[in-house]
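K.L.:
Okay, handing you the structure first.
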Ligand code: ADQ
């Protein structure tokens with residue numbers, strides 16, 4: 001079996017329990033093939049410490065059969081590549097928020113510089129038969145940079161965030177360069193059929209790509225495959241987590257605390273794509289329109305701090321705090337607080353207990369590549385007495401989780417109605433919906449995702465080398 005080389009912005013140590021399903025799944029594969037996980041170290045080096053200009057400090061650490069290789073970034077590169085182009089332009093536009101994109105010409109140069117740096121440092125580590133798997137929007141041009149250095153290995157790319165329709169993607173300065181970059185991979189994987197359709201529309205419309213058999217395209221004198229590979233969770237790992245004392249303890253405590261009330265739960269990074277203010281407005285509409293929910297329902301919203309050095313994130317933080325305060329102020333009683341808002345990360349080990357103790361999960365992003373919280377909630381439920389998933393139709397997960405109550409998160413009254421329905425849903429209907437949802441989560445789990453993507457990447461036709469557009 002060919003050796004696997006994974007490249008992502010951040011590298012997770014697969015031996016750590018906090019690493020999460022993706023790291024566990026990739027690590028399992030890496031453990032069986034041996035290989036490298038390559039990415040940014042998370043360290044920003046100020047110029048004075050950084051040594052010779054342009055020289056990146058590389059760290060290498062063996063984690064079993066897997067070598068973790070990381071690079072430090074200079075302040076200038078980090079700010080342009082990570083804060084600027086990746087999180088200030090690509091993230092908002094890929095989440096359909098053109099209004100939040102903040103483009104600086106120097107950022108795109110930094111983005112390219114870091115991708116070139118990654119390519120230069122990675123290329124000498126590659127063996128001819130390696131399979132390279134590049135992840136996410138930070139590293140779109142890495143494939144073409146590797147090709148420019150003569151790398152002829154099979155290289156695949158997976159986009160974890162949504163790919164918007166071509167007219168919207170075209171608002172990104174450098175969109176055609178990014179898309180050309182994607183065309184240098186052998187396989188491009190997207191989260192949903194909708195994202196896949198957008199990719200195909202773009203390369204057909206802008207590059208006159210020719211559709212071949214199966215999922216193949218002929219473009220820039222190369223053959224490229226593209227498809228939807230919806231990411232899943234590691235069901236076994238999550239079940240094991242649910243059985244462990246931390247989750248059990250969490251479950252018992254929540255059950256005790258909320259024995260007379262129904263619990264609604266939201267677990268997100270604090271990000272404007274997750275629709276948190278809209279969710280709170282829907283909860284407020286629930287309290288306003290359905291007085292039977294007063295005293296009988298509590299929303300626990302966990303919003304872990306994220307990218308606090310990007311301006312749009314502090315705005316959302318203030319909006320959220322003010323909404324929680326006004327809901328609790330207007331509806332709360334001496335012995336009942338409608339919303340419990342927690343602006344901290346909750347240990348992954350406790351999440352299954354929290355999910356299982358909740359009657360309803362609110363997963364209502366305005367746009368999301370997939371959303372794994374939706375799948376984790378389903379897997380954590382007691383099949384005999386399961387909770388109900390209220391899911392945004394704009395999450396990639398909605399294409400698969402059709403038995404959830406699908407909502408339009410922009411419509412707070414409609415979402416409130418769905419939440420009320422979820423709170424009232426008879427046991428038999430809850431069980432039926434849950435059975436169907438669980439079957440989907442189990443069938444298309446993270447191992448399916450990893451195995452299928454890598455199998456398809458391994459069997460794409462031998463590729464012509466060269467990068468005619470560079
Ligand atoms: P994220 O936007 O980070 O990831 P998501 O899929 O919701 O989104 O969560 C990833 C993991 O983080 C889950 O395991 C979840 O439990 C955990 N998590 C989220 N909020 C947390 C909190 N407050 N405390 C503790 N843990 C928390 C991106 C894309 C998604 C896509 C994933 C995977 O934006 O659309 O599903 O990658 O491809």
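K.L.:
Tell me yes or no: at least one residue of the stretch 216-227 is buried (at least 19 other Cβ atoms within 10 Å of the Cβ), within 24 Å of residue 378 (Cβ to Cβ) and in the same structural domain as residue 456 (by the TED database).
P.N.:
no
K.L.:
Name every residue in the stretch 355-385 that is within 21 Å of the chain's Cα centre (by Cα) and more than 25 Å from residue 318 (Cβ to Cβ), in order of residue number.
P.N.:
Answer for the stretch 355-385, where residues must be within 21 Å of the chain's Cα centre (by Cα) and more than 25 Å from residue 318 (Cβ to Cβ): 355, 361, 369, 370, 372, 374, 375, 376, 377, 378, 379, 380.
K.L.:
A further question on this structure: Can you tell me which residue within the stretch 382-393, out of those that are surrounded by fewer than 24 Cβ atoms within 10 Å (Cβ to Cβ) and touching a residue at least 40 places away in the same chain (Cβ under 8 Å), is farthest from the ligand (Cβ to nearest atom)?
P.N.:
The selected residue is 384.
K.L.:
Being away from the ligand (no atom under 16 Å from the Cβ), within 19 Å of residue 98 (Cα to Cα) and surrounded by 19 or more Cβ atoms within 10 Å (Cβ to Cβ) is the requirement here; does residue 155 meet it?
P.N.:
Taking the combined requirement at face value, the residue does not satisfy it.
K.L.:
Can you tell me which of (1) more than 19 Å from residue 369 (Cβ to Cβ); (2) touching a helix residue (DSSP H, G or I) at 6+ places or on another chain (Cβ under 6 Å) is the one residue 189 doesn't meet?
P.N.:
(1)
K.L.:
To continue, here is another question. Quick check, is residue 420 touching a residue at least 40 places away in the same chain (Cβ under 8 Å), within 11 Å of the ligand (Cβ to nearest atom) and surrounded by fewer than 24 Cβ atoms within 10 Å (Cβ to Cβ)?
P.N.:
Considered against the rule, which asks whether it is touching a residue at least 40 places away in the same chain (Cβ under 8 Å), within 11 Å of the ligand (Cβ to nearest atom) and surrounded by fewer than 24 Cβ atoms within 10 Å (Cβ to Cβ), residue 420 comes out as no.
K.L.:
Wholly within the stretch 249-362, which helices (runs of 4 or more DSSP H) include no fewer than the required count, namely at least 1 residues that are surrounded by fewer than 20 Cβ atoms within 10 Å (Cβ to Cβ), away from the ligand (no atom under 16 Å from the Cβ) and modelled with pLDDT of 95 or more?
P.N.:
In the stretch 249-362, 276-289, 311-331 are the helices (runs of 4 or more DSSP H) which contain 1 or more residues that are surrounded by fewer than 20 Cβ atoms within 10 Å (Cβ to Cβ), away from the ligand (no atom under 16 Å from the Cβ) and modelled with pLDDT of 95 or more.
K.L.:
Given the conditions (1) within 16 Å of the ligand (Cβ to nearest atom); (2) outside any strand (DSSP E or B); (3) surrounded by 18 or more Cβ atoms within 10 Å (Cβ to Cβ); (4) touching a residue at least 60 places away in the same chain (Cβ under 8 Å), which single one is not true for residue 239?
P.N.:
The number of the failed condition is (3).
K.L.:
I'd like to check something: does the stretch 179-187 contain any residue that is within 16 Å of the ligand (Cβ to nearest atom) and either crowded, with 22+ Cβ neighbours inside 10 Å or not assigned by the TED database to the domain that holds residue 36 (or both)?
P.N.:
no
The values are calculated or read from the model by the stated rules, or taken from the named source; none is laboratory data. What you see is a predicted model, and the numbers here were worked out from it, not measured in a lab. Here Cβ is always computed from backbone atoms with ideal geometry, including for glycine, and neighbour counts include all displayed protein chains.
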